[in-house]
Structures are given as C-alpha cells and as structure tokens.
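**Q** Please find one structure pasted underneath; my questions will follow.
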Amino acid sequence: MQSSGRAHDDPAGDVVRWAAFSCLLVPVVLVVYGTSFGGAAVATLGLFVVTAACLVLLRHSERVAARVPAQERLASAHHRRRSRGGPAGRRGCRTSDSASPHD
C-alpha cells in the first residue's frame, strides 16, 4: 500500500516531476552561491529544454512499448491459426529424401 494514497502507474511522470523540481531548485542554489541572475536564468532555461525533450522521448517510448505486446499477440494468434500441428505441416522441414546443398 502506498503511503501517499495514489498508485504509481506513471513512472515517467514521476521522473518529470522530479526534473521540474530540480529545474526550480538549481537556479536558487546558483544565486545563493554567487552566480548572477542572468547565469541562473540561462541554466534554468537549459534545464527546462532538456526536461521537455526527455518528457517527449519518455512518452514516445511508452507508446512504442505499448504497441509491441499488442503486435506480438496478433502475430501469435495468426501463427496459431495457420499452424497444422504435425511435423509434416511445418514449413522448411526436410525429409529423408530431400537433398541438402552440401551433398
């Protein structure tokens, strides 16, 4: 049971939330340690761009990963319908009277 009361069904969203938190925290730390406001703003802008790019890539990989199992289920169902069950029904099966290319 989760202590926060919500299910973690979106791990990519969790990563992006932590990245957004870091994008807000880094400029504060930079200014506290003596970096100019302009330098902190540029660093923040760069972090936001990288975070947005990561979000796009994570969402794309989630969509691709969701499609692969669906395609595998379709392919296995198609294979089961076409299979004949016995050894003679297999494609590419050699019998004793077939000659190999090495003979």
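No value in this document is a laboratory result; all are computed from the given coordinates. Only a predicted model underlies this, so the values are computations on that prediction, with no experimental measurement involved.
**Q** Test of understanding: what is the full-extension gain from A41 to A20, defined as 0.36 nm times their sequence separation minus their Cα-Cα distance?
**A** 6.1 nm
**Q** Let me ask you something else. What translational D, rounded to a whole number of µm²/s, comes out for segment 12-69 from Stokes-Einstein when the hydrodynamic radius is the Kirkwood one over Cα pairs, at 37 °C and 0.692 mPa s?
**A** Taking Rh from Cα pairs, D becomes 261 µm²/s.
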